[in-house]
Amino acid sequence: MHKWQILTSIFVLLFVCDEVTAGDKEDVLASWNAVKAAWMIGDIDAAQKHISAEFESFEADGSLLSPFDFEAAKAAFAAGLKFNVQSAHSEVTIYGDAAILTEYHTRQLTPPGGTLVSMTLRATLVFVKQNGQWKGVHAHASHLSPKNSE
């Protein structure tokens, strides 16, 4: 009888822990979706609420690891930059107060006075829970080949 009580307790514990993780997964996706929505309307201040001050990334252009320049982004949007991103196959894995989000996404950029550039990318984003909120701390993007993420 004691064995069944232990097994039942383990099952309940696993179920409760999974529920917490499921909520965190949803919160990470909500944070990422808020960043994307803010970018698509050019609201860098709204996006910045979901990004850590220590954020760094490797971009698809092959550049070195670099911090994000929020002021340059604001200036680019003020000058007419247009940005769109559509995600596909987003998956989140939680590791305590850290989360990894992987997905494919299509980015469309129109530089001020320029021509539309479209690219399909693989993306990995790292989030950490800071003061109860999931914030992006790192991103790595690379071109997807072939370009179809299906």
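The values are calculated or read from the model by the stated rules, or taken from the named source; none is laboratory data. Bear in mind that the values here come from a model prediction, so they are computed numbers and not experimental data. No Cβ is skipped: glycine too gets one built from the backbone with ideal geometry, and neighbour counts run over all protein chains shown.
Structure values in brief
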{"quantity": "Test for ILE100: is it touching a Lys or Arg at 6+ places or on another chain (Cβ under 7 Å) and either assigned to a loop (DSSP other than H, G, I, E, B) or surrounded by 15 or more Cβ atoms within 10 Å (Cβ to Cβ) (or both)", "calculated": "no"}
{"quantity": "The stretch 52-97, subset part of a strand (DSSP E or B) and among the aromatic types (Phe, Trp, Tyr), residue surrounded by the most Cβ atoms within 10 Å (Cβ to Cβ)", "calculated": "PHE55"}
{"quantity": "All positions within the stretch 104-150 that are of a type in the set (Ser, Thr, Tyr), in contact with a Ser or Thr (Cβ under 7 Å, 6 or more places away or on another chain) and not in a loop (DSSP other than H, G, I, E, B)", "calculated": "TYR104, THR106, SER118, THR120, THR124"}
{"quantity": "For ALA99: the one exception among (1) among the hydrophobic types (A, V, I, L, M, F, W, C); (2) farther than 25 Å from ASP27 by Cα; (3) within 12 Å of the chain's Cα centre (by Cα)", "calculated": "(2)"}
{"quantity": "Members of the stretch 5-51 that are hydroxyl-bearing (Ser, Thr, Tyr) and either exposed (fewer than 11 other Cβ atoms within 10 Å of the Cβ) or modelled with pLDDT of 55 or more (or both)", "calculated": "THR8, SER9, SER31"}
